[in-house]
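The values are calculated or read from the model by the stated rules, or taken from the named source; none is laboratory data. Bear in mind that the values here come from a model prediction, so they are computed numbers and not experimental data. We place every Cβ from the backbone using ideal geometry, glycine too, and count neighbours over all the protein chains shown. Please note that ligands, DNA and RNA were not included when accessible areas were found on the heavy atoms of the full protein model with its side chains. Shrake-Rupley method; radii C 1.70, N 1.55, O 1.52, S 1.80 Å.
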Amino acid sequence: MTSLDPRAPLVLDTRELGRRPGSQREVTLTVPAPADLGIDVLGVAEGAPVELDLRLEAVMEGVLVTGTATADLEGECARCLDPIVDQVDVRFQELFVYGDSRDSRGRPTDNAGHDDGDEDDGVSTMEDDLLDLEPLLRDAVVLALPFQPLCEDDCPGLCTECGANLKEDPDHTHEAPIDPRWASLTTIETTQNDPSN
Ligand SMILES: [Zn+2]
Ligand SMILES: [Zn+2]
C-alpha cells in the first residue's frame, strides 16, 4: 500500500475540517475521471469532468462523506453496438476512519496493514488527514450502470444472419441462411454424427 498523493484529484485533505465531531464542510469540485470508471461497454471517458458535490462531517471515528457525482457516459448498445451518450448521477456515503494514533478510542491502529475487506461495509481508512474518494466513486458508478446498456429500451439489435442494424432496416429478410459460419457448423456436425467413425 503506497501513501496517498495529496495532489491526486480524488484525494481530499480534511485538515480544514478539523476533528471536532459535528464540524461540517460542503465541497463542490470538478475532477478529471480516473481510468476505467465504468464497465467494459459503458463508462466515463478518462479525463472527462466528474462533478462532485460532497458533505464532509467529522464524527468520533473519522470523517463521514456523503455526496453525489455526475458525469457524462460513453458506451455502446449491447444489442446493436450503436454509440450511447448518457449521464450517470450517483449518490454515495462512506465513513473514512482515522488511520493514525489519534484514533478517538485510543485503540492501537496499524497504518501499514490496510484491511482489504474494509471497503465492503462502507468503511475506509484515512491516511493522516487524507482520504481517497476514487474507490468509492468507482463502486458507486459501476453499481449504477446497467449490465446491458441499450440505445433504447426496445432496441431490436442486429440481424443474426447478416449483422444489419434492424433499427435502421426493420423489414429486411433473407430467403436462405447466407452466413458461411453456419455452413461450416453444419459440416462439423455431419462428420461427428457419421456412424462409420
Ligand atoms: Zn441498440
Ligand atoms: Zn440480415
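A few comments on the model shown:
- Of the listed residues E94, E61, the order by accessible area with a 1.4 Å probe, largest first, is E61, E94.
- Rolled with a 1.4 Å probe across the full set of protein chains, the surface gives D89 an accessible area near 110 Å².
- Simple spin-label estimate for R15 and D153 gives 5.2 nm between the two label positions (7 Å along the Cα-to-Cβ direction from each Cα).
- Accessible area ranking (1.4 Å probe, heavy atoms, ligands and nucleic acids excluded), largest first, for S3, S124: S3, S124.
- Applying 0.36 nm per residue to the separation of T70 and R91 and subtracting their alpha-carbon distance, the gain on full extension is 6.7 nm.
- Per residue value of the accessible surface for region 23-107 (all protein chains in place, 1.4 Å probe), Å²: 52
- Residue-level accessible surface for V85, protein heavy atoms, 1.4 Å, Å²: 130
- Per-atom-type breakdown for region 1-77 gives carbon and sulfur 47% of the accessible area (1.4 Å probe, protein chains only).
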